[in-house]
Amino acid sequence: MSAAEKSGARGTMLEEDTDQNYENVLAEIQSFELPIEATLRSVYDDQPNAHKKFMEKLDACIRNHDKEIEKMCNFHHQGFVDAITELLKVRTDAEKLKVQVTDTNRRFQDAGKEIIIQTEDIIRCRIQQRNIITVVEKLQLCLPVLEMYSKLKEQMDAKRYYSALKTMELLENVYFPRVSQYRFCQLMIENLPKLREDIKEISMSDLKDFLESIRKHSDKIGETAMKQAQQQKIFSVALQKQNNVKFGKNMYINHDRIPEEKNEIVLKYVLEEEDENEEEVLTVQDLVDFSPVYRCLHIYSVLGDEETFENYYRKQRKKQARLVLQPQSNMHETVDGYRRYFTQIVGFFVVEDHILHVTQGLVTRAYTDELWNMALSKIIAVLRAHSSYCTDPDLVLELKNLIVIFADTLQGYGFPVNRLFDLLFEIRDQYNETLLKKWAGVFRDIFEEDNYSPIPIVSEEEYKIVISKFPFQDPDLEKQSFPKKFPMSQSVPHIYIQVKEFIYASLKFSESLHRSSTEIDDMLRKSTNLLLTRTLSSCLLNLIRKPHMGLAELVQIIINTTHLEQACKYLEDFITNITNISQETVHTTRLYGLSTFKDARHAAEGEIYTKLNQKIDEFVQLADYDWTMSEPDGRASGYLMDLINFLRSIFQVFTHLPGKVAQTACMSACQHLSTSLMQMLLDSELKQISMGAVQQFNLDVIQCELFASSEPVPGFQGDTLQLAFIDLRQLLDLFMVWDWSTYLADYGQPASKYLRVNPNTALILLEKMKDTSKKNNIFAQFRKNDRDKQKLIETVVKQLRSLVNGMSQHT
């Protein structure tokens, strides 16, 4: 096949394919099943001349269809003509029928007008009835909601906020969902949050008023609680006393026992007082209306905001706690200041304890414990600071009683109070200090009022009065007839009574401290020891050292201290009777009165020695020797005789002193007199001494020796008292007999006749005599005896100087 044929063949095949495609497109157009746009687009997109060819195919197709239509019309034309003919025949009948129907319709319309009217009325009534039924149903659905909302308003007006919140919950959960499509319901729903906020604000305002109320009434609450605790304690103590048979045997007041019947009287009185006050007993609920707290707590619980309420309540109460714990600056001045402080604190914690037990979770035990620990630290610091200003023991004792009642009250509510009792031990020391200061004044007054003379008694009644005050036992004094005298002065029984009063005062503080009898006994003995060793001892020493105290007064003080020392065992028995703790117990503290009065006695003895020496010095200062006299007067000096007479009268007063004291005083006086006389001879201002003056001085020393040998105080053995003047005697003998050779030869020998003569002393006196000899004997150089004596003096002076120099080098 040639290429042209092949090309023609391909062209023929393409034409056949194109024709077939057009046939398919026309079939699709006639089918009305596919979108014509896509079909036409496929025709125009195939070939450039596709449109023309397609139109040719389309025209050919139309011509074919026209031919078919024409054939069909020709086939049905006779039937169509027949049908038209028949229609023309029935035309007349149709017009008649139309007239009849119109007439019938008119007659039916006229006849149904009333029916239509009635039917419309019925329809309208039925519609109204249906609407009424619908309205009733809706109203029945809405009425409970409205009633509940009205009830809510009433509850709000009546301030029944907790019930109002419950009503709101019921409205929201039950009633509002039924009528949620109505506008009034939406308004109500929108109003509920505002009502809740109003309730929160109102309840919070009530809570604030409540907090302010309990802040103002906390002192009254605390006072009531403390009063009830005190009454309960008094009742318990009275009951215990009645059951304790030994109690009445252990209490002594001035050796008089409290009868056991007194305990029954006390208990009866307490029971009667309890019966009288039974109707007046008030509780915290009677004093405070807690309903605002309950309401507020319930309201916030219902609102789901309980934590906010708890935090606010605790925060405000902590603020109030800080205010309550802040004391007034002058609280320490009166007991009322302390009482107000304690009652406010007790009232605060009583309220918290009540809230703890009647509410669920508003306050917890951990919260109250934390609050109490904080408050306790502050209370202790405040009491420690303010009690330090208290100088009145009665005020300190009242403070202690208040602290005990305060602690017992709060302990009854479950708060730990051990630290308060530890504080009481600190305050006890301060109380003892204030007691010691008070009793120091009491002792000073007693000493000031004492006449320091033995107590005179003229009758048996006076004797018994003194014996009842002071445990004095002296069979010899009892046998004496009236009038007679006690050896001690009035201050002794008064001091003894005051020591017992001090013990009672100290015991008052030890009561109610929840301590054993052994501890109380130890406290009483220690405080009594402080009174004896510090206060009474100091008062005695100050009394002894007063300038106006004479020797007779000092002697009486020594006698008084002796009797007070003997009375210490009775004070120990007195404490034992109070505490019922035997003195034989291992840990029992002993009273240090023995050492106290011994020290005072020693001080008085030393003061006696000092004053006696001062008196001797006063007499010695009256001495008026003529140191240049040529011959002695032949009798002792007047000042010395006065001094000896004074010493004799003084030593007669010493007969009431213990023997050793009188002997020591006498020996001290003689030694001091001897020393004073020796110093008079050796005085540096005294330049010259004549032999006549030495002889006169010897007469005075002889009188001193006679006084010493007369035994002014009994008890000296032999010439012991005369030995006080041995130095003077040997020195004067040496100058009187002019035995220098013996002195110089025997110096340093134990058996020397002039063993007590110091070379330096002899040298000083000899030089004064040498100067006198030169001055008074101008012409002594023309007399052989005087020249020999002068040479002898000079020779002795040289030898004495060599001895003194040798002693210095040896030293």
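The values are calculated or read from the model by the stated rules, or taken from the named source; none is laboratory data. Since this is a predicted model, take the numbers as computed values, not measurements. Using ideal geometry, Cβ is built from the backbone for each residue, glycine included, and neighbour counts are taken over all protein chains shown. With ligands, DNA and RNA removed, areas are computed over all heavy atoms of the protein, side chains included. Shrake-Rupley method; radii C 1.70, N 1.55, O 1.52, S 1.80 Å.
A full extension of the chain between K318 and L239 corresponds to an added length of 24.4 nm, given 0.36 nm per residue minus the alpha carbon distance.
Take segment 692-751 with all the other protein chains still there, run a 1.4 Å probe, and you get 43 Å² of accessible area per residue.
Probe radius 1.4 Å, ligands and nucleic acids ignored: give me the carbon and sulfur share of the accessible area of segment 58-207 as a rounded percent. Spell out each step's value before the answer.
Details: 6720 of 11530 Å².
Carbon plus sulfur share of accessible area: 58 percent.
Ordered from highest to lowest accessible area with the whole protein assembly present and a 1.4 Å probe, V293, V81 read as V81, V293. The length gained on full extension between S481 and Q140, counted as 0.36 nm times the residue separation minus their Cα-Cα distance, comes to 110.7 nm.
With the crude spin-label approximation of a point 7 Å out along Cα→Cβ, what separation in nm comes out for H357 versus T104? Label at H357, label at T104, 10.3 nm between them. Taking N as the residue count of segment 531-576, its C-alpha radius of gyration divided by 2.2 N^0.38 Å amounts to 1.33. In terms of packing, defined here as the mean over residues of other Cβ atoms within 10 angstrom, the peptides 790-803, 566-579 line up highest first as 566-579, 790-803.
Overall shape of segment 94-223 was characterised from the C-alpha gyration tensor. The equivalent ellipsoid obtained from it has semi-axes of 71, 12, 9 Å, in decreasing order.
Ligands, DNA and RNA are left out, and with a 1.4 angstrom probe the accessible area of segment 490-569 is 35 Å² per residue. For K319, a cut-off of 27 angstrom between C-alpha atoms picks up these lysines, skipping any fewer than 8 places away in its own chain: K200, K208, K216, K220, K227, K378.
For segment 381-499, the tally of Lys pairs with Cα-Cα distances below 18 Å comes to 6, considering only residues 8 or more apart or on different chains. If you plug the beta carbon distance of Q78 and H51 into 1/(1 + (r/R0)^6) with R0 = 41 Å, you get a FRET efficiency near 0.40.
Ranked by the mean number of other Cβ atoms within 10 Å per residue, highest first, peptides 432-440, 476-484 order as 432-440, 476-484.
Run the numbers on segment 444-517 and let me know its relative contact order in percent, using alpha-carbon pairs under 8 Å that are six or more apart.
That works out to 41 percent.
Between I726 and K71, residue separation times 0.36 nm minus the direct Cα-Cα distance comes to 215.7 nm.
Please give the FRET efficiency for Q799 paired with H548, using the beta carbon to beta carbon distance and R0 = 56 Å, rounded to the nearest 0.05.
Efficiency at R0 = 56 Å is approximately 0.60.
Between Q717 and R365, the simple label model (points 7 Å from Cα in the Cβ direction) yields a spacing of 8.2 nm. The count of lysine pairs in segment 70-177 with alpha-carbon distances below 21 Å, taking only pairs 8 or more places apart or on different chains, stands at 5. Of the trypsin sites (Lys or Arg not before Pro) found in segment 601-646, those that fall in a DSSP loop while having at most 13 other beta-carbon atoms within 10 Å are R635.
Distance between the 7 Å Cα→Cβ label points at I115 and A751: 19.3 nm. Nonpolar atom fraction for segment 363-447, defined as the carbon and sulfur part of the 1.4 Å probe accessible area, stands at 52 percent.
Cross-link partners of K546 among lysines, defined as those whose alpha carbon lies under 17 angstrom from its own and excluding same-chain residues fewer than eight positions apart: K611, K615.
Using R0 = 51 Å, the C-beta based FRET efficiency linking Y182 and Q228 works out to 0.25. Considering only G412, L424, H494, and ranking their Cα positions along the charge dipole of segment 403-545 that arises from unit charges at the beta-carbon of Lys, Arg, Asp and Glu, the one farthest toward the positive end is L424. Considering the dipole of segment 496-618 built from charges on the beta carbon (Lys and Arg +1, Asp and Glu -1) around the Cα centre, which of F574, N542, I520 is farthest to its positive end? Highest projection toward the positive end goes to N542.
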